[in-house]
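Novice: Let me begin by handing over the structure; questions about it come next.
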Amino acid sequence: MTQLLPLVDGIPPIRGKLGAPKRRPKLVQADRAYDSDPHRRALRQRGIDSQIARRRTQHGSGLGKTRWVVERTIAWLHWYKRLRVRWERLATMHKALLKLGCCLICWRFLQHA
């Protein structure tokens, strides 16, 4: 819960079209763990819309329609034991293993396409 705003602030510039690169997303989707009015206000101050599921409400917020892509990818990364539980002390080593896992997932996907 404490890392939402540093994560949003740490997004690198997105290149593509001419002009100033975009630094912020238009929308942030999150699960119930991030449900707080201070988070919503901070995102609104940054000009970012938010879709955060409310606590103590019925399931079926509608976020599952787009969040399943993220959940599926995390599940695929958990195929690799070294990524399931982080044992590496160095962040660079964990980042390298994460990139390697993503490369293997893409390679497997492209093999079957």
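Novice: Would you confirm, using the coordinates I've provided, whether G101 is at positive phi and either among the small types (G, A, S) or at pLDDT below 85 (or both)?
Specialist: no
Novice: Another question about this same structure. Could you please let me know if I14 is modelled with pLDDT of 90 or more, touching a Pro at 6+ places or on another chain (Cβ under 7 Å) and not assigned by TED's automatic domain parsing to the domain that holds C106?
Specialist: So I14 fails the test.
Novice: Then there's this: Considering only region 2-61, state which residues are touching a helix residue (DSSP H, G or I) at 6+ places or on another chain (Cβ under 8 Å) and part of a loop (DSSP other than H, G, I, E, B). Talk me through it step by step, then tell me what you get.
Specialist: Pass one, region 2-61, residues touching a helix residue (DSSP H, G or I) at 6+ places or on another chain (Cβ under 8 Å): 4-5, 8, 24-25, 28-31, 34, 39, 42-43, 46, 48-50, 52-55.
R24, P25, D31, R46, I48, A53, R54, R55 - these are the residues of region 2-61 that are touching a helix residue (DSSP H, G or I) at 6+ places or on another chain (Cβ under 8 Å) and part of a loop (DSSP other than H, G, I, E, B).
Novice: For region 91-113, name all the residues that are among the aliphatic types (A, V, I, L, M) and either in a helix (DSSP H, G or I) or touching a helix residue (DSSP H, G or I) at 6+ places or on another chain (Cβ under 9 Å) (or both).
Specialist: Those that are among the aliphatic types (A, V, I, L, M) and either in a helix (DSSP H, G or I) or touching a helix residue (DSSP H, G or I) at 6+ places or on another chain (Cβ under 9 Å) (or both): A91, M93, A96, L97, L98, L100, L104, I105, L110.
Novice: Sticking with this one: Limited to region 1-56, what total is found for residues that are of a type in the set (D, E, K, R) and within 15 Å of the chain's Cα centre (by Cα)?
Specialist: Qualifying residue count, region 1-56: 5.
Novice: Please go through region 10-29 and pick out each residue that is in contact with a Lys or Arg (Cβ under 9 Å, 6 or more places away or on another chain) and touching a residue at least 12 places away in the same chain (Cβ under 8 Å).
Specialist: I11, R24, Q29
The values are calculated or read from the model by the stated rules, or taken from the named source; none is laboratory data. From a predicted model like this one, the values you see are computed outputs, not experimental measurements. Note that each Cβ is placed from the backbone with ideal geometry, even for glycine, and that neighbours are counted across all protein chains shown.
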